[in-house]
Amino acid sequence: MGRINPEFRWPTLAAAASRCHTEPFPTVGGGVQTGVFMKFFVPAALAAATLLSSAATAEATTYAGSRSLNGVTADYSITTDGVMGVVSQADITAWSFTISSASATVTHNSGFLQALGGGLFATPTTLTFDFDAANADFMLLSSAHNAGFCIDSGGPNSCIGPQGSGVEMLLNGETGGDFAFQTQTGIQTIATAAGGVPEPASWALMIAGFGLAGAALRRRGGVFA
């Protein structure tokens, strides 16, 4: 096998993948290495995409939400470890909330966190809560439990005692004692993920996809001239 011609210009990834099944790879001395790109580049790209996808599942995801009831508003941020599906309190790595009402505005980024019963559910774009789940709750409260945001399905862990139905409560009791609650049902979106550019895994998958699509089109259209 000859040496690689140093004057050979490397094609772009997509172009290389689309040409690799027909165009020989030139070498010094007139020899060729046919199918080099198809044999090595595409599998390598797919392997890299798989590895990056696996790593991406462990990346943190931050969701932001806002709820208002009877003059009390809660704005909150919840960061998870990247888990998809049911979210437990162990999956939540950081959180904060701001409670605003006529009497005052308070902010907390630590205190009491609870997520029980499997009611909290994460997708890549949303956090939802099932107010009809059995004995589920989600609470972000100050250490003194006198300010915060609480939702539950009305079981024994209810924000305001067993109710037999879903409840949402906003509390700002640090100064003025403002308190609001309302019954809720069904699955509701409580927060959405922050937007951003595609993750590295997405880029790798797109590159591999373009390369495979180009190779398939070239194969269908005949030998590259």
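Bear in mind these aren't lab numbers, they're just calculated from the coordinates by the rules spelled out. Being a predicted model, the structure only gives us computed values, none of them experimental. Quick reminder, even Gly has a Cβ in these numbers, built from the backbone with ideal geometry, and neighbours come from all protein chains shown.
Proximity of backbone amide H atoms, modeled 1.01 Å from N, is registered between G119 and D137 at under 5 Å, excluding neighbours fewer than 5 places apart on the same chain. Start at zero, step by 5 Å, and the Cα-Cα distances of region 61-193 spread as 2, 12, 23, 25, 22, 12, 4, 0 percent across the bins. Our estimate of slack between A64 and A94, defined as 0.36 nm per intervening residue step minus the Cα-Cα distance, is 9.6 nm.
Okay, which of region 103-117 sit inside 20 Å, backbone N to the point 7 Å along the Cα-Cβ direction of D81? Under cut-off, by backbone N: 110-117.
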